[in-house]
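Below you'll find the structure I mean.
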Amino acid sequence: MHSERHRAPRFPFVAGIQVTDLVTEQQLAAHTEDLSLFGCFVETLAPFPAGTKVRLRISHSGANLIAQGTVAYSRNNDGMGIAFTSIEPNCVSILDAWLTGLRK
């Protein structure tokens, strides 16, 4: 197993996620495995290739976080790490609340 450096702590976080390729509009429904201030890991057997620009909708406890991101890395039959590039302004407080709850 290789070591990866992250800009912010990652927390185990299972939530439904819909990921849409911004170019092809291909969609996939999956689950997150972890979450940080800068991104998340999505468990899927068919990840998008690294570099793919995506729109994300993460659903957890009745709240939806809408963001855009880029696939930072992709692992076949495992999943993909997605770095957030922008978060809808009204969703920043949702991400903050989720991370605050995970830190406890």
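What area, in nm² and to one decimal, does the C-alpha convex hull of segment 14-104 cast on average over all directions? Present the calculation step by step, with values, prior to reporting the outcome.
Numbers: hull surface 21.4 nm².
Convex hull of Cα atoms, orientation-averaged projection: 5.3 nm².
Mind checking the full-extension length gain between E88 and F11? Use 0.36 nm per residue of separation minus the Cα-Cα distance, one decimal, nm.
Full-extension gain reported as 25.6 nm.
Taking Cα pairs under 8 Å and at least six residues apart, what relative contact order does the chain come out at, in percent?
24
Report the charge-dipole magnitude of the chain in Debye, nearest 20, computed about the Cα centre from +1 at each Lys and Arg Cβ and -1 at each Asp and Glu Cβ.
Taking the Cα centre of the chain as origin, the dipole is about 260 debye.
Continuing with this model, one more query. 7 Å from Cα along Cα→Cβ at both R75 and L102: what's the point-to-point distance in nm?
1.6
Using +1 at the C-beta of Lys and Arg and -1 at the C-beta of Asp and Glu, which of V19, N76, S36 has the Cα lying farthest in the positive direction of the dipole of the chain?
S36
We did not get these values from a lab; they are worked out from the coordinates using the rules stated. Just so it is clear, the structure is predicted and the values come from calculations on it, not from any experiment. Here Cβ is always computed from backbone atoms with ideal geometry, including for glycine, and neighbour counts include all displayed protein chains.
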